[in-house]
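Report on the structure given below.
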Amino acid sequence: MADARTQNRRTNRSGAGAEEKQYDERTLHIDRVARVVKGGRRFRFRALVVVGDRKSKVGVGSAKGADVTAAVTKATEVAKKHFKVVSLYKGTLPHEAEAKVSGAHILVKPASPGTGLIAGGVVRSILEVAGVKNALSKSLGSSNKTNVAYATMAALDSLVPAQKWVTNANKQTVKATKTVTKKTEVNIIKKVVAKQSTTKGTKKK
């Protein structure tokens, strides 16, 4: 009986751990902040956390707390509320993108298979959690980790999926659909005009 109970406990623990580890949570930065009051300074902690499922879903959150654990848990909740879906293409990014938030300026580029993630610090963690396997990046501005994180998220959010790329084939299909819609509009207008003329004729009689 004792062995069965211990096995059940182990399975329950392993199942709970699997449920908890549905998302990859990483603490990017922890900073101590102070607020000046009449009696002196009151210190708190600010945490920057990134959460993702390694399958194109990622979110970044920042929050303050009385201690480090409280700040991290709050930031994790904020990150989960602000999930964004990153459009990936064969394990890398679909095209080049850049974004600027405050003084941080981030550039991300796709890379061929086998290149890996050539990125450092905050950008690397965000790309790994998002599920990007091959990419290049460059930080062109401030090194503030909070601004860099949000600039990276803005760059990833600006990516256009491969299905929505404007190519020659897509242009032909768009032109065909436009011509069809124009023809239907003309037909509708003709029908409306015909109905109006018939109603006027009946009223005159």
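A few comments on the model shown:
- Index of the failed condition, His105 passing every other in (1) over 19 Å from Val60 (Cβ atoms); (2) over 17 Å from the mean Cα position of the chain (by Cα); (3) part of a strand (DSSP E or B): (1)
- Selection count, segment 126-164, where residues are in contact with a Gly (Cβ under 9 Å, 6 or more places away or on another chain) and either surrounded by fewer than 16 Cβ atoms within 10 Å (Cβ to Cβ) or outside any strand (DSSP E or B) (or both): 16
- Against the conditions (1) in contact with a His (Cβ under 8 Å, 6 or more places away or on another chain); (2) modelled with pLDDT of 90 or more, Gly141 satisfies every one except (2).
- Across segment 74-89, a minimum of one residue is classified as among the aliphatic types (A, V, I, L, M), assigned to a loop (DSSP other than H, G, I, E, B) and buried (at least 17 other Cβ atoms within 10 Å of the Cβ).
- Entry remark, segment 22-66: residues being within 25 Å of Ser87 (Cβ to Cβ) and in a loop (DSSP other than H, G, I, E, B) number 6 in total.
- Only residues that are out of contact with any strand residue (DSSP E or B) (no Cβ under 8 Å at 6 or more places or on another chain), without any contact (Cβ under 8 Å) to a residue 40 or more places away in the chain and either surrounded by 11 or more Cβ atoms within 10 Å (Cβ to Cβ) or of a type in the set (Val, Ile, Thr) (or both) were counted in segment 37-67, giving 1.
The values are calculated or read from the model by the stated rules, or taken from the named source; none is laboratory data. All values derive from a computational prediction rather than experimental measurement. Please note: Cβ atoms are built from the backbone with ideal geometry, for glycine as well, and neighbour counts cover all protein chains shown.
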